[in-house]
Structure formats: C-alpha cells, structure tokens
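Enquirer: Quick one: this structure, given as structure tokens, is what I'll be asking you about.
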Amino acid sequence: MEYNQNVVDKVCDALVRSGSTFTLDKKEAYREAIRSETDDKARWVLETVLENAEVAEKNRSPLCDDTGIPHVVIEAGPNAAVTGTVIESIKEGIRQGLRTLPGRPMAVKGNDLQRIAQSEGMYEDSGMLDAASILLRSTDEDVLRVYVLMFGGGPAIRAHTHRVFHKHKVEPVIDQIVEWATESTAQLGCTPCTLAVGIGRSHYEASSLMLQALVDGRYDRQSEMEREITRRVNESHVGALGLGGDTTVLATFMKVGPQRSSGVRIVCMRPCCCFEPRIASVEL
C-alpha cells in the first residue's frame, strides 16, 4: 500500500494533539467553572484537571491513561477528492499517532469469537488499534479537513442510544436526556462532563449526529435547549469527581437531524468525561 506521506504526518500530529490538548474554549469553560464553584473540594478538582491539561499540552503527553479509541470525521468541500489513497493514508496516520502519543495498547487479538471473549489477549503495539468507521460529510468551504477524536471507555459504558416517545412535544425528549445524564454522571466518576447528544431517525443516525455534535460544539456558544439540559443536570450536584458542587456538566453539545413522521425520536446521549471531547483537526 502506498501512502501520501504528507497526509500521514498531518493526521499523526492531529491525533497527538487531540489526545494531549484542551481547546481554547474548553480551557476558558474550566476557568469559568473554577471562578463560580462554591465547593472547595470540587474547585480543587477543577483546578487539578486544568493543570493536568496544561502539563499534557506542554509535554505532548496523554491527558488520561485511557488514551481512547480514534474516531475520524472527514469534511470535504466542493472540489475535494477523497480517494482510497487518502483514506488509507489517514488510517496510517492514526496508527503512527497512536505509537507517538503513545496510546494505551487496547487492540484485541483473534477472530470474531476470540475478540468478543478476549481469549487471545491483546497486541502490545498500540498502533494495532483500528479507528472506528470513518464519517464523511460535506462542507461549503473549499477544503479537505480531518477531525480526530479520542473516545474513552467510561463514557461509552454510561452512554444511551434508545427511542423516546415524544408525545408531540419537546419536553419528554429533553426530560429523558436529563434523566439519562443525571444517572450517568453519578456513575461515571470522571466528571465534570460534556454531554454529547444526537437526535435522529435511526440508531446509526443518532450516533453519527452525536459525533458531529462534538465536532461542531463550542463551550462559548450554547442553544436554549443545550443550556437547559446543562442547568438541570447541574442541579443534581454530583459535582466534579462525584464529590458534590456546582459543576457536574460544563456544557451540552446537541445536534438534531431530520425527523420522520413517527411517535418516537431516536436519541444518543454520551456523557463525555472531564477530558473529552479530545479533538483536533487538520486541513489536508
């Protein structure tokens, strides 16, 4: 297989940045949470998480021991060409990025049955960890852009993707998201969370919208629905690391896709941990 080395190098660097760096708006969200936190223990946790992020960025080292599963979103403009060589070069960049970060070895050996049972052990090479299926979307910009996100295991365990009966109202859907998020954040441990929500017509669509919500979401720009979910979950006072306090959720990122004429909405809710979304982008 021949690779485009420029693409490989850029994606490798993007993975390292995603696994070791907070975005600027996320840093400011932590600073604002620290300023407004009334619980001393919770404030100390928030300060420590932010300090950890600053050290990780300086050293280009992992934000967390659970370095995560790579998720890739490709954004293609009108004149962009996404060839097989580009896709394979992105995959190679992911492999090299996992070795450089370094990622935690998590790839499971064996055939389908053996991987499910984890009966053959794991590869020592962190680069053997395949990225999740790539999501491709269009943009009006004349660009070919790649987003790399690293998804930890804890949020995946506490996530929900399920149907919600909407009763021709928004409130039942929001109520269900708040109920899931309140339960999940209490069980997660590594709070404060960033809640990622996708609402679509199928489980696949809801999950892909949740992923895109993390790509497009910003801590300094929240819709009315996003602010309501954040406010209501924060009223649980689970707080940072579950120690209590005012900041259980830093923000909610939600993306609502097309809907079908039906009595249900398919909702995907992921309670991203205190280090997520771990995200970086690069233009190819």
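Enquirer: Hey, how many Å between the Cα centroid of the range 183-208 and the Cα centroid of the range 110-182?
Expert: So the separation of the two Cα centres works out to 9 Å.
Enquirer: So which cysteines of the chain have no other cysteine's Cβ under 4.7 Å from theirs?
Expert: If one checks each Cβ against the other cysteines of the chain, 12, 64, 193, 268, 272, 274 turn up with nothing under 4.7 Å.
Enquirer: Also, I was wondering about something else. Keeping all protein chains in place, calculate the accessible area per residue for the range 218-262 (probe 1.4 angstrom), answer in Å².
Expert: Averaged over the residues of the range 218-262, the accessible area is 53 Å².
Enquirer: Determine the distance separating the Cα centre of the range 1-70 from the Cα centre of the range 260-274; give it in Å without decimals.
Expert: Answer, in whole Å: 26.
Enquirer: Expressed as a rounded percentage, what relative contact order does the chain have, with Cα pairs under 8 Å and six or more residues apart?
Expert: 26 percent
Enquirer: State whether the range 1-120 is rounded, prolate or oblate according to the following rule on the C-alpha gyration tensor (a ≥ b ≥ c being the square roots of its eigenvalues): a/c under 1.5 gives rounded; otherwise a/b larger than b/c gives prolate, and the remaining case gives oblate.
Expert: Details: a/c = 2.55, a/b = 1.52, b/c = 1.67.
It is oblate, given that a/c is not under 1.5 and a/b is not larger than b/c.
Enquirer: Using 7 Å Cα-to-Cβ label points, what is the residue 31/residue 175 separation (nm, one decimal)?
Expert: Taking the two extended label points, one gets 4.0 nm.
Enquirer: Considering every Cα-Cα pair within the chain, what fraction, in whole percent, is farther apart than 28 Å?
Expert: Details: 15619 of 40186 pairs.
So the portion of pairs separated by more than 28 Å is 39 percent.
Enquirer: Just order 51-57, 148-154 by mean Cβ neighbour count inside 10 Å, highest at the front, would you?
Expert: On the way: 51-57: 14.9, 148-154: 22.1.
My ranking of the peptides, most packed first, is 148-154, 51-57.
Enquirer: Diagonalise the Cα gyration tensor of the range 3-48 and give the resulting equivalent ellipsoid semi-axes, square root of 5 times each eigenvalue, largest first, whole Å.
Expert: Working: eigenvalues 256, 18, 3 Å².
Working from the Cα gyration tensor, I get semi-axes of 36, 10, 4 Å.
Enquirer: Under 23 Å Cα-Cα from residue 169, which lysines qualify once same-chain neighbours fewer than 8 residues away are excluded?
Expert: By straight Cα distance, residue 169 reaches 255.
Enquirer: Sorting check: for 98-108, 123-133, which peptide has the highest mean count of neighbouring beta carbons within 10 Å, and how do the rest follow?
Expert: Numbers: 98-108: 18.6, 123-133: 15.1.
Peptide ranking by packing, descending: 98-108, 123-133.
Enquirer: Please give the peptides 222-229, 277-284, 79-86 ranked by average Cβ packing (other Cβ atoms within 10 Å per residue), highest first, as a rough proxy for protection.
Expert: Details: 222-229: 15.4, 277-284: 20.8, 79-86: 12.2.
Peptide ranking by packing, descending: 277-284, 222-229, 79-86.
Enquirer: Here's another thing I want to ask about it. Separation between the residue 134 and residue 162 pseudo-spin-labels, each 7 Å from Cα along Cα→Cβ, expressed in nm?
Expert: A separation of 3.5 nm, rounded to one decimal place.
The values are calculated or read from the model by the stated rules, or taken from the named source; none is laboratory data. Source: prediction; values computed, not measured. Heads up, the Cβs are rebuilt from the backbone with ideal geometry, glycines too, and the neighbour counts pull from every protein chain shown. These area figures cover heavy atoms from the full protein model, side chains too; ligands, DNA and RNA do not enter into them. Shrake-Rupley method; radii C 1.70, N 1.55, O 1.52, S 1.80 Å.
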